[in-house]
1. Would you mind telling me the antiparallel percentage of the DSSP bridges in the stretch 55-186, rounded to 5?
2. Once you place label points 7 Å from the Cα toward the Cβ at Leu97 and Lys330, how far apart are they in nm?
3. Assign unit charges at the C-beta atoms only (+1 for Lys and Arg, -1 for Asp and Glu), then state the dipole size of the chain relative to its Cα centre in Debye, rounded to the nearest 20.
4. Express the carbon and sulfur contribution to the solvent-accessible surface of the chain as a percent, rounded to the nearest whole number, probe 1.4 angstrom.
5. Under 14 Å from the Cβ of Val244, count the other residues' Cβ atoms, weight Lys and Arg +1, Asp and Glu -1, and hand me the total.
6. Convert each backbone phi in the stretch 144-149 into a coupling constant with the Karplus relation 6.51 cos²θ - 1.76 cosθ + 1.60 (shift: θ = phi - 60°), then list the ³J(HN,Hα) values in order as whole Hz, x for Gly and Pro.
7. List, in order, the whole-Hz ³J(HN,Hα) value for each residue of the stretch 124-139 obtained from phi through the Karplus relation with A = 6.51, B = -1.76, C = 1.60 and θ = phi - 60°; use x for Gly and Pro.
8. Going from most exposed to least, what order do Tyr128, Tyr236, Tyr165 have by accessible area with a 1.4 Å probe?
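The values are calculated or read from the model by the stated rules, or taken from the named source; none is laboratory data. Since this is a predicted model, take the numbers as computed values, not measurements. Ideal geometry is used to build each Cβ from the backbone, glycine not excepted, and the neighbour counts take in all protein chains shown. Please note that ligands, DNA and RNA were not included when accessible areas were found on the heavy atoms of the full protein model with its side chains. Shrake-Rupley method; radii C 1.70, N 1.55, O 1.52, S 1.80 Å.
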Amino acid sequence: MRPSRAVRNDAYTRVEEVAVGTETASIAAPRTFLVVAHTGRDVVTGTLETVGRRCGEAGITLRVLHHDTRQPAVSQDASWHPLDPSELRAAGAHVELVHAGPEAAAGCELVLVLGGDGTFLRAAELAYPAQVPLLGVNLGHIGFLAEAEAHGIDEVLDRVIAGDYCVEDRMVLDVTVLDNEGGAKLGQTWALNEVAVQNRSHNGVLELVTEVDGRPVSAFGADGLLISTPTGSTAYAFSAGGPVMWPDLEAILVVPSNAHALFARPMVTSPRSRIAVEVDAHGRPAVALCDGRRILEVPAGGRVEAVRADTSLRWVRIGSEPFTDRLVTKFSLPVTGWRGRS
C-alpha cells in the first residue's frame, strides 16, 4: 500500500526568494483562488458574497470562469443566478475572468468549488492538469466529495486564508480504449471516480470479458461494467452494488452492472493491477464514460484498459472528521444503540 502524501500549507511561509545585490530578500507570493460554482442556485449568491469579502480583505485574487458568469441559452428562467463578477468586486475582491481550459487553474493556490459532486468533478477537469489542489464546499444534496458544508463557509475561509490546511493525494485512473485487432489507440483520458463501460445503444445486453493483469476472469452479458477508485466507490459503483472503500485505501474496484452471470460479483484488486474489459466483436458497440463527463467510443471488438495514473489528484483537507462519520452523515445511516468502547 502506498501511503497518501499529506502536505501542510502555510500561507505565511510561502515566499519567493529574490536576489538583491549580494543578499537574498523574501517577498510574499501573490495568492489566487480559482472559484468554480454551481450557478443557478440562490444559495450560491450569498456564499460568493462571503468569499469575495473575506478574500478581498486578505488580498487574495479570485479567478472565475466566463462560463459561470452567463445564463445558459437553453434556460430563460428569471430566477437563474449566474456568477456576477461585479458583485464580487463590490464585496472587495480583485477578480480575474478566464476561459475554462488547461490554463484556467495554472498558478492558483487552490480551486474552491461551491456546489455538489457534479460541480466538483467539473472543477477537477481544471485542477488535475495543473496539479492545483481542490477544496469542495457542498451546496448540493449529498456532496460526498465536498470537504465542508455551506453553513461552515466562514470557518473554511478562516482556515484557507491562514494557510491552515493539508493537501493529500487521491488516486486517479488512466483510461485507454484500444482496437483489439490492430492494437491501435482509439482514445485516452482519466477518471477520478470511475470509468463506466456501457451499452452505446441502450438496447439489449452488452457482451463483455473481464481481465486482470493480462489474464481473463469472466465473460458475461450485462448493462455494463464499472472500474472505480476508492474515491468513486461511494458513487456509481455503490449504486451498482459495489462495496464502500475508505478513500485512503489503495485499490481498484471492478463492479459489473446488472450482469447475466453466476460469477459477476464486485472485485477489489491491487492498485498495481491493469484492468481490462473487452467488448464482443460480434456484439454491440459501447462507450467508456469517465466521471459522467468524458466519453470515449468503444467499437465492437474494442478494449478498455484502466491503470493507476502516475499523477494523483491533489485534495485539500481542512478538518480531521473520520470518513466513518461522513459516511453515516451523508447516507443518514442508523446508529441508534451505539455506545462505543467503554
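1. Approximately 10 percent, going by the DSSP bridge assignments.
2. The two pseudo-label positions are separated by 3.5 nm.
3. Computed charge dipole of the chain: roughly 620 debye.
4. It is 51 percent, rounded to a whole number.
5. Charge balance near Val244 sits at -1.
6. For the stretch 144-149, the Karplus curve yields 5, 7, 6, 8, 8, 9 Hz.
7. Residue by residue, the stretch 124-139 yields 4, 5, 8, 6, 4, x, 8, 6, 9, x, 10, 10, x, 10, 6, 10 Hz.
8. Tyr236, Tyr128, Tyr165
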